[in-house]
Amino acid sequence: MTVEAHLLTEELAILDSLKAFCRIESVSADPGYADGIDEAAAFVAGALRQAGFPVVEVIETGGHPAVYAERCERPGAPTILIYGHYDVQPPDPLEAWRSPPFAPEVRDGRLYARGVSDDKGPLLLPIKVAEAFHRLEGGLPLNVKFLIEGEEESGSPHFAPTVARLAERLACDVAVSADGAMWRDDLPSVLVAGRGLVALEVTVTGAGKDLHSGRHGGSAPNPLQALVALLATLHGPDGRVAVPGFAAGALPPDPAIAAAIRAANIDPGAYFDQIGAPRPDPLPSAEELLTRQWLEPTLELNGISGGYAGPGTKTVIPSEARAKITCRLVAGQSPDTAFAAIAAHLDRHAPAGVRVAVHRHGPGSDAFALDPGLPALRVVEEVFAEVFGRPPLRVAMGATIPVPAVFQRHLGVGTVFFSFSTSDEDYHAPNEFFRLANLRRGLVAWARLFRRLAA
Ligand SMILES: [Zn+2]
């Protein structure tokens, strides 16, 4: 029997194993679930041992443990590093679930459970495929390593240092992420770009203490007023960032993404309806909307504080005002350069009579942009085209995905996304589900990916 045929006969057993994985309450954000975290790490390690991996280790990271495994018995064949995570989002609000979040249930061709789509289902696929190769062929067609973390849903605070520390052991030709999601159920897609991030805070200070607006109004500086005037210089009338040097180094996107944007042809009016915002007049075109979401940098004001915002009125001139800002960055832009450009801009435009201080939060993240010519990307596209019956679109996403940037920096390799979840599967929300059709497709697809990457 071929590996693919064997996998299809094993489908029910694999589904049972996925249910067992989903019964484990591995919520990373809440210390109350610490037992579930340990249990899930042990489950993954056990599944990898059962799949024939001679090296399987639960690795201390300083936070929740990671699981590392390797089977490298093919000298001369390529080595891939498969990434995924065993932790899940908190299940709240519990009352919104039709079946309990940690009691997996099949309804209408979908398996419902917290974490089933993000990332337990997609992660179990390559492990079960490795097991099938082990049973039928006594080994894998290429060298395979796994690094599975337990803090993805909590911002992966120990992931980069762990990868840096283990860089030698993690050495590979390409990373393959079993995490991430296809953009739409009706259009297979492969993620090739995501935006980076830099965060900062601006503080404007006037007088040494809050002042009475009757006694001092008109003569004393008002930091809130100065702050809003200053913030108003950050964008042009079209909403784009107007800070000189902010986009220094930005690279043009892969033209295939622009083609995907045209092919996707979303409905801009429906988009504004869905987020509950009034439709702008004129409405942007579908192309402009997705281009701005995926491929342009942003600077967002996330919060402004200062003075009095409680009930009633208070005739105060505040001594201080603050704004929190985060920026999404595109490929080629550096968090350092973008921050320096904003800080210099704010300094240049500081209104007279106040002090302006700019503070950066954390190192930020580079954008992710996969080399469009990467051979593994072509293989992924080929396999997707076969199992979905149509070639996938190359898509970007507006959000920040740190894992590929970490692998690029510390291992010097690109990351291809090979995930079988879809972004409508309510991960991070009640009633998360995973399509059983994609479980089946995913098993066949991973088997083909192993073979083709080996060739
Ligand atoms: Zn995930």
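The values are calculated or read from the model by the stated rules, or taken from the named source; none is laboratory data. Quantities reported herein were computed from a predicted structural model and do not represent experimental measurements. With ideal geometry, Cβ positions are generated from the backbone for all residues, glycine too; neighbour counts draw on all protein chains shown.
Return the residue satisfying two criteria in turn: it lies in the range 81-100 and is outside any loop (DSSP other than H, G, I, E, B) and exposed (fewer than 13 other Cβ atoms within 10 Å of the Cβ), and of such residues it is farthest from the ligand (Cβ to nearest atom).
Per the stated criteria, the residue is E95.
Can you find, within the range 169-190, the residue that is farthest from the ligand (Cβ to nearest atom) among those that are of a type in the set (A, V, I, L, M) and over 17 Å from V383 (Cα atoms)?
A171
So, in the range 13-34, exactly how many residues are free of Cβ contacts under 8 Å to residues at least 24 places away in the same chain, more than 19 Å from F434 (Cα to Cα) and surrounded by fewer than 17 Cβ atoms within 10 Å (Cβ to Cβ)?
Going through the range 13-34 one residue at a time, the tally reaches 3.
Here are the criteria: (1) touching a helix residue (DSSP H, G or I) at 6+ places or on another chain (Cβ under 7 Å); (2) more than 16 Å from the ligand (Cβ to nearest atom); (3) under 30 Å from G332 (Cβ atoms); (4) assigned by TED's automatic domain parsing to the domain that holds H410. Tell me which single one L166 does not satisfy.
(1)
Show the residue pairs that are 6+ apart or on different chains and have beta-carbon atoms under 8 Å apart, the first residue being within the range 137-153 and touching a residue at least 60 places away in the same chain (Cβ under 8 Å) and within 12 Å of the ligand (Cβ to nearest atom), the second being of a type in the set (F, W, Y) and part of a helix (DSSP H, G or I).
Partner pairs satisfying both residue conditions: E149/F159; E151/F159; E152/F159.
Restricting attention to the range 81-117, which residues are closer than 17 Å to V67 by Cα, out of contact with any Leu (no Cβ under 8 Å at 6 or more places or on another chain) and of a type outside the set (A, V, I, L, M, F, W, C)?
Of everything in the range 81-117, just one residue is closer than 17 Å to V67 by Cα, out of contact with any Leu (no Cβ under 8 Å at 6 or more places or on another chain) and of a type outside the set (A, V, I, L, M, F, W, C), namely D87.
Output the number of residues of the range 135-171 satisfying the condition of being in a loop (DSSP other than H, G, I, E, B) and not small (G, A, S).
7
Considering each residue of the range 284-330, count those that are within 21 Å of H345 (Cβ to Cβ), β-branched (V, I, T) and part of a strand (DSSP E or B), and give that number.
Of the residues in the range 284-330, 4 are within 21 Å of H345 (Cβ to Cβ), β-branched (V, I, T) and part of a strand (DSSP E or B).
So which residues in the range 124-147 are over 15 Å from Y83 (Cβ atoms) and either touching a strand residue (DSSP E or B) at 6+ places or on another chain (Cβ under 7 Å) or of a type outside the set (G, A, S) (or both), if there are any at all?
The answer is K128, V129, E131, F133, H134, R135, L136, E137, L140, P141, L142, N143.
Suppose we filter A132, A77, A103 for residues that are touching a helix residue (DSSP H, G or I) at 6+ places or on another chain (Cβ under 9 Å) and assigned to a helix (DSSP H, G or I); which single one remains?
Just a single option satisfies the conditions, and that option is A132.
In the range 191-224, which residues are hydrophobic (A, V, I, L, M, F, W, C) and within 16 Å of the ligand (Cβ to nearest atom)?
Of everything in the range 191-224, just one residue is hydrophobic (A, V, I, L, M, F, W, C) and within 16 Å of the ligand (Cβ to nearest atom), namely L191.
Checking E201 against (1) touching a residue at least 40 places away in the same chain (Cβ under 8 Å); (2) out of contact with any His (no Cβ under 6 Å at 6 or more places or on another chain): exactly one of these is not met. Which one?
Just one mismatch for E201, condition (2).
Starting from the range 116-128, take each residue that is over 11 Å from S17 (Cα atoms) and list its partners that are basic (K, R) and more than 9 Å from the ligand (Cβ to nearest atom), counting only C-beta distances under 9 angstrom and pairs at least six apart or across chains.
Within 9 Å, the pairs are V116/K19; V116/R110; S117/R435.
List the number of the failed condition for I37; all other conditions in (1) touching a residue at least 40 places away in the same chain (Cβ under 8 Å); (2) more than 16 Å from the ligand (Cβ to nearest atom) hold.
(2)
I'd like to check something: does the range 251-261 contain any residue that is on the phi > 0 side of the Ramachandran plot and within 32 Å of the chain's Cα centre (by Cα)?
No; the residues of the range 251-261 include none that is on the phi > 0 side of the Ramachandran plot and within 32 Å of the chain's Cα centre (by Cα).
Given the conditions (1) in a helix (DSSP H, G or I); (2) crowded, with 17+ Cβ neighbours inside 10 Å, and given that E382 satisfies all but one, which numbered condition is not satisfied?
Going through the list (1) in a helix (DSSP H, G or I); (2) crowded, with 17+ Cβ neighbours inside 10 Å, E382 breaks only (2).
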